[in-house]
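*Asks:* What follows is a single structure, and I will ask about it in a moment.
Coordinate-derived values only; no laboratory data. All of these numbers come straight from a predicted model, not from anything done at the bench. No Cβ is skipped: glycine too gets one built from the backbone with ideal geometry, and neighbour counts run over all protein chains shown.
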Amino acid sequence: MTLDRRRFLTLSAASVSAAMLAACGGDAARLHPLLDLATRKNETLERKLFRSGSRNRPPVDAGVAGESFPSYFVSKHMPVWDPAVRGAWRLEVSGAVRKPLSLSLDDLVRLPRISQKVDHYCVEGWNARAQFSGVRVSDLARLAGATEDAQYVDFQSFDDDYHESWDMASAMHPQTIVVIAKDGHFLNASYGAPARVHSPVKLGYKNTKYLTKVVFMPKRNGGYWSDLGYEWYGGT
Amino acid sequence: MSGHPGLVKRNHWVVRLTHWLNVIALPLMIGSGLRIFNAHPSFSRPGEGKFALNPWDGHEVPDWLTFGRWLGGARHWHFGVMWLLVVNGLVYVGFLWLHGEWRDVVPRRHDARDALEMAKFYLFLRKEHPHQGKHNALQRGTYFMMPVLGALIVLSGIAIWKPVTLGFVTVLFVNYKWARVVHFGSMLALVLLAVVHVVMVFAVDPYSLRSMITGWYNPRLSPEARNARPFTNLLPPTEDTAA
């Protein structure tokens, strides 16, 4: 009896660790089924926990990161919109909407704008603060008349094929905005000019810069980093 | 009982199972956590300069201590195995509560004094091993602090995981940055206790290993019976003293 139990314990310990170690390869596409299950269950839990009423509010006297706010892009060179080559930049709001929009930067400037000092949470573990100004994605959804089919939103860019799709609830959060200015100045090229998405409710990599399209969709379509193996939800 | 003359049942199978599951889950969590840490091996925000409390701030942890190979992989492991650790911890603490065995680890009135006596004994300032029950006072303190640190690690982990959705947890640690500090610091403290624990098992009471595997313990081989300090009197006492 005692020996059996001892053997059982030793064997089960060994087999559990062996099963887990078998999955420790770096290839994200071949995640262990158990880890895959945990990731899916975690997403379900995270979406249940999500509240549109929760707010990120850094202390009033907290400073912003300013020029120290990190930046990156995935193209070979820093993406800069060249009107001579591509024509005037416009933001397209389309997909599951009754009235697709095509907005110039001037149009965006004229829309109701909010300004918020918020945290940017990077998947790497750091957070940085900035004063972001722009138009709520929920306002764009209302203007375009998003339909019942709009369950997900894809934020697309001209930074190569960079895009990230979001769940509707996170996109409709009042702190999720299409940013046109950071710390009181129009975005510069390194921070995603002319417009980017930003929200404290998503990890940094979900916040598409160099924005071109906001597409409402019935199904999700992954994303740049999500397809490389980072979790799709990426919520804070 | 009759099949084990002179032995006493020391550890219930729930305690043994949760103990060994911890032995699997903790290294996975610590390794993947260190892999995540290496993506930004600092507690400072960008532009803040070095974090004063960490002399190695900005330096990565050596690769061999990490697990999961890359940031995304380590995150999947961390957010997967965390459930094993949390459920395991709840089962253990729940068992201690329902089974009354919390009395073996929750601090008692004279624990501080008894711990001092144990320390004196280990430092050769006292000749005789202090009288003890199941654990000596230093063990009691350690086994009490381990689940306390575990709870602190889980709570600060939630604070980092959901700083906006569960922001009320994050403010318990002032903010996101300090929640990271607490998460890392309490992990270090737990690792320190675990290392001391393992060293002491082999240096003072290797016979207790049996009780953590089969559950049975021979009280005639206890450190008190052997008057054992670390690395001394490791062998069983001679038969006539045992009889």
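*Asks:* How shielded is B:161-170 by partner chains, expressed as the average number of their Cβ atoms within 10 Å of its Cβ atoms? It would help to have the intermediate numbers written out before the result.
*Replies:* Numbers: counts 4, 7, 7, 17, 10, 4, 7, 1, 0, 2.
Counting Cβ atoms of other protein chains within 10 Å of each residue's Cβ and averaging gives 6.
*Asks:* Most fluctuating residue of A:Ser71, A:Ser165, A:Ser94 in a GNM of chain A with Cα springs under 10 Å: which is it?
*Replies:* Top of the fluctuation ranking is A:Ser71.
*Asks:* Which of A:Leu203, B:Leu125, A:Leu105 has the fewest other C-beta atoms within 10 Å, and how do the rest follow up to the most?
*Replies:* Values: A:Leu203 21, B:Leu125 10, A:Leu105 17.
Ascending Cβ contact count within 10 Å gives the list B:Leu125, A:Leu105, A:Leu203.
*Asks:* Take the Cβ-Cβ distance between B:Ala189 and B:Val91 as r, set R0 to 35 Å, and report the resulting FRET efficiency rounded to the nearest 0.05.
*Replies:* That pair, B:Ala189 with B:Val91, gives E of 0.95.
*Asks:* Which value in nm describes the separation of the simple spin-label points at B:Val148 and B:Arg126, placed 7 Å from the Cα toward the beta carbon?
*Replies:* 2.1
*Asks:* If a/c stays under 1.5 just call it rounded; otherwise compare a/b with b/c (prolate if a/b is bigger, oblate if not). Do that for segment B:29-75, with a ≥ b ≥ c from the square roots of the Cα gyration tensor eigenvalues.
*Replies:* prolate
*Asks:* Continuing with this model, one more query. Stick to Cα atoms and the Kirkwood definition of Rh, then tell me Rg/Rh for segment B:79-242.
*Replies:* Ratio of gyration radius to Kirkwood radius for segment B:79-242: 1.06.
*Asks:* Is there a quick way to get the dipole size of chain B? I mean about its Cα centre, with the Cβ of Lys and Arg at +1 and of Asp and Glu at -1; what is the value in debye to the nearest 20?
*Replies:* 280
*Asks:* Which order do peptides A:134-142, B:45-53 fall in by mean Cβ count within 10 Å, highest first?
*Replies:* Values: A:134-142: 20.7, B:45-53: 14.2.
The most tightly packed comes first, giving A:134-142, B:45-53.
*Asks:* In segment B:85-129, which residues have a backbone nitrogen under 17 Å from the label point lying 7 Å from B:Leu166's Cα in the Cα-to-Cβ direction?
*Replies:* Residues B:85-91 qualify, since their backbone N sits under 17 Å from the label point.
*Asks:* Counting only DSSP beta bridges with both residues in chain A, tell me the antiparallel percent, nearest 5.
*Replies:* Close to 90 percent.
*Asks:* Same structure, new question: For the protein assembly as shown, just the Cα atoms, rotate onto the principal axes and tell me the three extents in Å, largest first.
*Replies:* 99, 45, 39
*Asks:* Given only helices, namely DSSP H runs of n ≥ 4 each adding -39500 (n - 2.57), what is the per-residue ellipticity at 222 nm of chain A, to the nearest 500 deg cm²/dmol?
*Replies:* -7500 deg cm²/dmol
*Asks:* Could you calculate the FRET efficiency of A:Glu92 with B:His135 from 1/(1 + (r/R0)^6), where r is the beta carbon distance between them and R0 is 60 Å, rounded to 0.05?
*Replies:* That pair, A:Glu92 with B:His135, gives E of 0.30.
*Asks:* Quick one: among B:Arg109, B:Arg75, B:Arg180, which has the greatest mean-square fluctuation in a GNM of chain B with alpha-carbon springs under 10 angstrom?
*Replies:* Per the Cα network of chain B with a 10 Å cutoff, B:Arg109 tops the list.
*Asks:* Taking the Cα centroid of segment A:174-236 and of segment B:121-193, what is the distance between the two, rounded to the nearest whole Å?
*Replies:* 38
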